[in-house]
């Protein structure tokens, strides 16, 4: 009993997140009949999967005490590069997807190099990188929303296996993998160590710089993968399709109870945050609230989440 | 360019070394002005006709809103913070001014005053929350940006509004053939040179160098934070007003581009990201660089789609330069 109580106390932010999203889901389905139908739940699951996959990177970066603001244009670039490399042909995906993922990871490495090796503040470095990526893509595409996607991407992102959306399967697999990495591997421990105290990590023999570099690279990879999957789900591309993820990934991590100073939090929390955000936006549009009101509410939710997670951080 | 202030011993502890105000002026601090001159030189080489006070006035009007926002951003950054809410404040003030500005002179003055008060109040609120909760300024102002951007969108869902002629002509006036904005910049520099030496100015630098040391020296750290964010809000609101006149219209998304560019202008101008170092004169040069780069690309026949890349690369270049300089300094070289 005591153990159970301790468990609840320790994981309070995560459990609150899950409870909130469940409560929100009940409210929406009462307001809007059909919202909780199997078909619609599948759509929600896909939305969650994409936000969840992008947030993997943001979670790792925030755990080290950093921040990745370059996600939007890594995300968008990945979609465009995939379309350019594959030329709309499904056979070309065999080499296009690996190349695109490599480029995305490379974009992350660019951030990581600036933050880890040149000591540039993560906010400035990733904000600048975001502009560089945006500028490069605008220059390359000439601002045209061209781009045809291979049919296979739509099959992958929209399809499902015996009723369960492919994307949900991909997301759950990645979630389990990332939780194992965070709790069971040396790399995971290093991430928490670097986020808790850089100095102590350094004197414990942890390669702080390389750990930082790695989390930004993973964040680029996560954003790129999500961008590719998102493009497939949409069946088309547009410049600025990743913009919303700058705020929502941070919010998802913050709602999940992670400390934005680093060192505290876990991916189970981020999953709770992801569910909360997706269901919340469903609720807001169910009430026919305009984007303006949604934006205001997001602001307050972000503030509230950070405020609540201020002192008590999660254990991993 | 930054002259040393006499601060007490404690501020000059070794941990703060290299960031104290009294740091020697090196070659690196001349870079922004050299870059600005070079860009101006290229433009004049390509278009010699543009060597005129008229064109300069036009460009200053063009850059004025950015300059105002960037000055606020610079002061916040010197204090060690960052202000992303300037985006939301410009959006809101631009929308309100474009939509509700009355035609009469008293109406214009009262409306402008209320808009400025609104901006200052928003900034003050940011400052209070940051000082009280001790959360990172980045997150607080990010939330604030989202909120006020949303408010702007509900005031003015799409671009529009027609500010009165007198308001536009007033702000874009050219007494003696020189744009009002040129005078304004001159005045801002003079005010800054004075403010830097006041209690407030010294506090901003001291808090940015080391909050602990500032606190031990009896500087009100919380109060200084309130002041810089309020100032930034006030300047962002002024930028919103000026943009209303300059564009003669309102846009609920007008402010978003200012967030990035104001930070870039400050960084290019030599303001340190870690606080305690920098000044607004460099920032003004930085803002002009950003504006003139787009012109230069046009005159060079390069597609404007590449100008975003140029701005971003310039920021990365500037931060890399300043971080390399910092590293070199730690190893004993003076750049």
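The values are calculated or read from the model by the stated rules, or taken from the named source; none is laboratory data. Quick caveat: nothing in here was measured; it's all calculated off a predicted structure. Heads up, the Cβs are rebuilt from the backbone with ideal geometry, glycines too, and the neighbour counts pull from every protein chain shown.
Among the residues of the stretch B:100-128, write down those that are within 25 Å of residue B:253 (Cβ to Cβ), surrounded by fewer than 21 Cβ atoms within 10 Å (Cβ to Cβ) and within 14 Å of another protein chain (Cβ to nearest Cβ).
B:125
In the stretch A:110-150, how many are more than 9 Å from chain B (Cβ to nearest Cβ), over 26 Å from residue A:97 (Cα atoms) and surrounded by fewer than 22 Cβ atoms within 10 Å (Cβ to Cβ)?
The number of residues fulfilling the criteria is 1.
Determine if the stretch A:181-193 includes at least one residue that is buried (at least 18 other Cβ atoms within 10 Å of the Cβ), within 13 Å of the chain's Cα centre (by Cα) and assigned to a helix (DSSP H, G or I).
no
Output the number of residues of the stretch B:266-306 satisfying the condition of being touching a residue at least 40 places away in the same chain (Cβ under 8 Å) and away from chain A (no Cβ under 13 Å).
Restricting attention to the stretch B:266-306, the residues satisfying the condition of being touching a residue at least 40 places away in the same chain (Cβ under 8 Å) are B:266-293, B:295-296, B:299-300.
Those left that are additionally away from chain A (no Cβ under 13 Å): B:269-270, B:276-289, B:291-292, B:295-296, B:299-300.
Residues flagged as touching a residue at least 40 places away in the same chain (Cβ under 8 Å) and away from chain A (no Cβ under 13 Å) within the stretch B:266-306 amount to 22.
Among A:247, A:237, which is touching a helix residue (DSSP H, G or I) at 6+ places or on another chain (Cβ under 9 Å) and assigned to a helix (DSSP H, G or I)? Break it down into steps so the answer makes sense when it comes.
Details: A:237 fails: assigned to a helix (DSSP H, G or I).
None of the others qualify; the one that does is A:247.
Output the residues belonging to the stretch B:307-332 that are touching a residue at least 40 places away in the same chain (Cβ under 8 Å) and either outside any helix (DSSP H, G or I) or within 14 Å of residue B:31 (Cα to Cα) (or both).
Listed by number, the residues that qualify are B:314, B:315, B:318, B:319, B:321, B:322, B:325.
Kindly check whether there is at least one residue in the stretch A:185-198 that is touching a helix residue (DSSP H, G or I) at 6+ places or on another chain (Cβ under 9 Å), within 21 Å of residue A:259 (Cα to Cα) and modelled with pLDDT under 85.
Quick first cut of the stretch A:185-198, residues touching a helix residue (DSSP H, G or I) at 6+ places or on another chain (Cβ under 9 Å) only: A:187-195, A:198.
With within 21 Å of residue A:259 (Cα to Cα) added as a condition, the list becomes A:187-195, A:198.
In the following step, the residues that additionally are modelled with pLDDT under 85 were identified as A:198.
Looking through the stretch A:185-198, at least one residue is touching a helix residue (DSSP H, G or I) at 6+ places or on another chain (Cβ under 9 Å), within 21 Å of residue A:259 (Cα to Cα) and modelled with pLDDT under 85.
Go through (1) closer than 28 Å to residue A:263 by Cβ; (2) in a helix (DSSP H, G or I) for residue A:30 and report which single condition fails.
(1)
So, in the stretch A:1-60, how many residues would count as being at positive phi and crowded, with 18+ Cβ neighbours inside 10 Å?
Residues flagged as at positive phi and crowded, with 18+ Cβ neighbours inside 10 Å within the stretch A:1-60 amount to 0.
Restricted to the stretch A:305-316, and to residues that are surrounded by fewer than 16 Cβ atoms within 10 Å (Cβ to Cβ) and either at pLDDT 80 or above or not in a helix (DSSP H, G or I) (or both), which residue is nearest to the other protein chains (Cβ to nearest Cβ)? Talk me through it step by step, then tell me what you get.
At the first step, the residues of the stretch A:305-316 found to be surrounded by fewer than 16 Cβ atoms within 10 Å (Cβ to Cβ) are A:308, A:310-312, A:315.
Then drop every residue that is not either at pLDDT 80 or above or not in a helix (DSSP H, G or I) (or both), which leaves A:310-312, A:315.
Details: A:310: 6, A:311: 10, A:312: 14, A:315: 21 Å.
Among them, the one singled out is A:310.
Only residues that are assigned to a helix (DSSP H, G or I), touching a helix residue (DSSP H, G or I) at 6+ places or on another chain (Cβ under 7 Å) and without any contact (Cβ under 8 Å) to a residue 40 or more places away in the chain: list them for the stretch B:154-200, please.
B:154, B:180, B:195, B:200
Give the stretch B:133-153 a look and list any residue that's free of Cβ contacts under 8 Å to residues at least 60 places away in the same chain and more than 27 Å from residue B:99 (Cβ to Cβ), or say none.
B:133, B:134, B:135, B:136, B:138, B:139, B:140
Looking only at residues in the stretch A:274-288 that are touching a helix residue (DSSP H, G or I) at 6+ places or on another chain (Cβ under 8 Å) and within 14 Å of another protein chain (Cβ to nearest Cβ), which one is surrounded by the most Cβ atoms within 10 Å (Cβ to Cβ)?
If we filter the stretch A:274-288 for residues that are touching a helix residue (DSSP H, G or I) at 6+ places or on another chain (Cβ under 8 Å), which is where we start, we get A:274-287.
Still in the list and also within 14 Å of another protein chain (Cβ to nearest Cβ): A:277, A:280-281, A:284.
Values: A:277: 28, A:280: 21, A:281: 21, A:284: 19.
Once the filter is applied, the top-ranked residue is A:277.
Just the residues that are farther than 17 Å from residue B:298 by Cβ and either assigned to a helix (DSSP H, G or I) or in contact with a strand residue (DSSP E or B) (Cβ under 6 Å, 6 or more places away or on another chain) (or both), please, taken from the stretch B:39-55.
Within the stretch B:39-55, B:53, B:54 meet the criteria.
Is it the case, given these coordinates, that residue A:302 is out of contact with any helix residue (DSSP H, G or I) (no Cβ under 6 Å at 6 or more places or on another chain), within 13 Å of chain B (Cβ to nearest Cβ) and either part of a loop (DSSP other than H, G, I, E, B) or free of Cβ contacts under 8 Å to residues at least 60 places away in the same chain (or both)?
Values: out of contact with any helix residue (DSSP H, G or I) (no Cβ under 6 Å at 6 or more places or on another chain): no; within 13 Å of chain B (Cβ to nearest Cβ): yes; either part of a loop (DSSP other than H, G, I, E, B) or free of Cβ contacts under 8 Å to residues at least 60 places away in the same chain (or both): yes.
The answer is no for residue A:302.
Check the stretch B:239-256 and report whether any residue there is in contact with a helix residue (DSSP H, G or I) (Cβ under 7 Å, 6 or more places away or on another chain), crowded, with 24+ Cβ neighbours inside 10 Å, under 27 Å from residue B:30 (Cβ atoms) and at pLDDT below 90.
Within the stretch B:239-256, not a single residue is in contact with a helix residue (DSSP H, G or I) (Cβ under 7 Å, 6 or more places away or on another chain), crowded, with 24+ Cβ neighbours inside 10 Å, under 27 Å from residue B:30 (Cβ atoms) and at pLDDT below 90.
Looking for something in a loop (DSSP other than H, G, I, E, B) and touching a strand residue (DSSP E or B) at 6+ places or on another chain (Cβ under 8 Å) - is there at least one such residue anywhere in the stretch A:153-160? Walk me through how you get there before you give the answer.
First, pick out the residues of the stretch A:153-160 that are in a loop (DSSP other than H, G, I, E, B): A:159.
Then keep just the ones that are touching a strand residue (DSSP E or B) at 6+ places or on another chain (Cβ under 8 Å); that gives A:159.
Yes, some residue in the stretch A:153-160 is in a loop (DSSP other than H, G, I, E, B) and touching a strand residue (DSSP E or B) at 6+ places or on another chain (Cβ under 8 Å).
Can you pull out every residue in the stretch B:307-323 that is more than 19 Å from the chain's Cα centre (by Cα), more than 7 Å from chain A (Cβ to nearest Cβ) and farther than 22 Å from residue B:257 by Cα?
If the condition is that a residue be more than 19 Å from the chain's Cα centre (by Cα), more than 7 Å from chain A (Cβ to nearest Cβ) and farther than 22 Å from residue B:257 by Cα, then B:321 is the only one that fits.
Among the residues that make up the stretch B:141-161, is at least one of them farther than 13 Å from residue B:255 by Cβ, more than 14 Å from every other protein chain (Cβ to nearest Cβ) and buried (at least 17 other Cβ atoms within 10 Å of the Cβ)?
Scanning the stretch B:141-161 turns up at least one residue that is farther than 13 Å from residue B:255 by Cβ, more than 14 Å from every other protein chain (Cβ to nearest Cβ) and buried (at least 17 other Cβ atoms within 10 Å of the Cβ).
If we scan the stretch B:78-91, do we find a residue that is assigned to a helix (DSSP H, G or I) and over 30 Å from residue B:298 (Cα atoms)?
Going residue by residue through the stretch B:78-91, those that are assigned to a helix (DSSP H, G or I) are B:78, B:86-91.
With the extra rule that they be over 30 Å from residue B:298 (Cα atoms), the set shrinks to B:78, B:89.
Taking every residue of the stretch B:78-91 in turn, at least one turns out to be assigned to a helix (DSSP H, G or I) and over 30 Å from residue B:298 (Cα atoms).
Within the stretch A:248-264, how many residues are under 17 Å from residue A:52 (Cβ atoms) and either more than 14 Å from chain B (Cβ to nearest Cβ) or surrounded by fewer than 21 Cβ atoms within 10 Å (Cβ to Cβ) (or both)?
Summing the residues that are under 17 Å from residue A:52 (Cβ atoms) and either more than 14 Å from chain B (Cβ to nearest Cβ) or surrounded by fewer than 21 Cβ atoms within 10 Å (Cβ to Cβ) (or both) in the stretch A:248-264 gives 2.
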